[in-house]
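Encoded as structure tokens, the structure appears first; notes follow it.
The values are calculated or read from the model by the stated rules, or taken from the named source; none is laboratory data. Here the structure is a predicted model, which means the values were calculated and not measured. Glycine also receives a Cβ, built like all others from the backbone with ideal geometry; neighbour counts cover every protein chain displayed.
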Amino acid sequence: MGILEVKGVNKRFGGLQALGDVNLSVQEQTVHAIIGPNGAGKSTLLNCLVGKLIPDSGSVMFDNQSVLGRKPHEINQMGISRVFQTPEIFTDLTVLENMMIPCFAKRDGAFRLHALESLGHEKGIREMAETMLEEVNMLDKRNAHAGSLSRGDKRRLEMAMCLVQEPRLLLLDEPTAGMARADTNNTIDLLKEIKEKRKITMAIIEHDMHVVFSLAERITVLAQGTPLVEDTPDNIKGHPKVKEAYLGEAAH
Ligand SMILES: Nc1ncnc2c1ncn2[C@@H]1O[C@H](COP(=O)(O)OP(=O)(O)OP(=O)(O)O)[C@@H](O)[C@H]1O
Ligand SMILES: [Mg+2]
């Protein structure tokens with residue numbers, strides 16, 4: 001049994017079957033990549049995991065509990081956090097002010113409480129925010145406006161805002177999209193560090209195969225809303241079904 005078990009999930013948008021009988025099992029403390037061509041249903045699947053979309057049928061279990069029928073904040077409290085395809089940060093606030101937002105929410109009980117239980121004042125919140133910024137090597141940028149950050153740093157800040165919630169499952173939707181190579185490599189290093197230090201499980205959607213093969217231990221290939229193959233990176237490389245998914249008829 002994986003920490004995340006998706007079984008028989010279907011989702012239609014009008015006449016379009018965006019997800020057709022999707023099964024996915026993500027093992028605890030692994031990085032599981034979901035790859036596939038544009039429109040394959042990757043983001044739709046992630047949206048079904050966090051309560052943004054409700055599947056037409058099927059089940060989604062996290063740690064043996066159903067996420068279906070729960071509101072997004074409840075799913076978040078269960079231990080699932082998500083980094084969006086476009087960074088969800090407050091561009092007119094400083095890095096530190098952004099970072100303090102989930103810390104307040106955490107203290108006030110919006111997220112699972114662990115380390116913060118004893119901290120009831122702003123100084124504690126600030127300390128917590130600064131500690132998290134230090135962990136992602138952004139403490140020196142704490143007074144910069146978030147809108148002025150590079151794309152890579154915006155992502156890094158957003159990840160830190162997720163991590164401070166102490167998720168057990170981190171969902172990442174194209175974490176390196178549009179990044180320069182140096183930022184991409186920094187993001188790979190950061191995710192490796194996070195995984196090692198925090199022992200969390202990650203499900204990552206990614207088009208950049210350099211990122212996928214640097215991080216993933218299992219890979220699921222989605223095409224037209226259906227998983228084609230799930231295997232290790234070594235077995236996925238050069239797999240005929242993967243070529244077919246990306247090249248369609250041209251593969252034959
Ligand atoms: N809210 C929606 N309403 C109608 N159709 C949608 C909606 N969201 C997604 N779709 C369609 O569902 C299909 C799957 O979309 P999805 O965004 O999940 O693909 P994706 O694999 O994430 O693609 P990309 O790699 O381009 O991000 C596409 O055909 C898309 O146009
Ligand atoms: Mg997408």
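Just a few scattered comments:
- Check on LEU169, crowded, with 16+ Cβ neighbours inside 10 Å, within 17 Å of the chain's Cα centre (by Cα) and of a type outside the set (Ser, Thr, Tyr): yes
- Some residue of region 113-136 being part of a loop (DSSP other than H, G, I, E, B), at pLDDT 90 or above and away from ligand 1 (no atom under 16 Å from the Cβ): yes
- Scan of region 7-41 for residues that are more than 16 Å from ligand 1 (Cβ to nearest atom) and outside any loop (DSSP other than H, G, I, E, B), ordered by number: LYS7, GLY8, ASN23, SER25, VAL26, VAL31
- Screening region 42-76 for residues that are within 16 Å of ligand 1 (Cβ to nearest atom) and among the hydrophobic types (A, V, I, L, M, F, W, C) and picking the one that is modelled with the lowest pLDDT gives VAL50.
- Flag: ARG70 matches the condition of being surrounded by 16 or more Cβ atoms within 10 Å (Cβ to Cβ), in the same structural domain as ILE188 (by TED's automatic domain parsing), away from ligand 2 (no atom under 16 Å from the Cβ) and over 19 Å from ILE204 (Cβ atoms).
- Residue pairs meeting the criteria (Cβ under 6 Å; at least 6 apart or on separate chains; first closer than 16 Å to GLY8 by Cα and more than 12 Å from ligand 2 (Cβ to nearest atom), in region 43-61; second among the polar types (S, T, N, Q) and part of a helix (DSSP H, G or I)): LEU53/ASN47
- The residues on offer are LEU4, LEU93, and the sole one that is away from ligand 1 (no atom under 12 Å from the Cβ) and within 28 Å of LEU133 (Cβ to Cβ) is LEU93.
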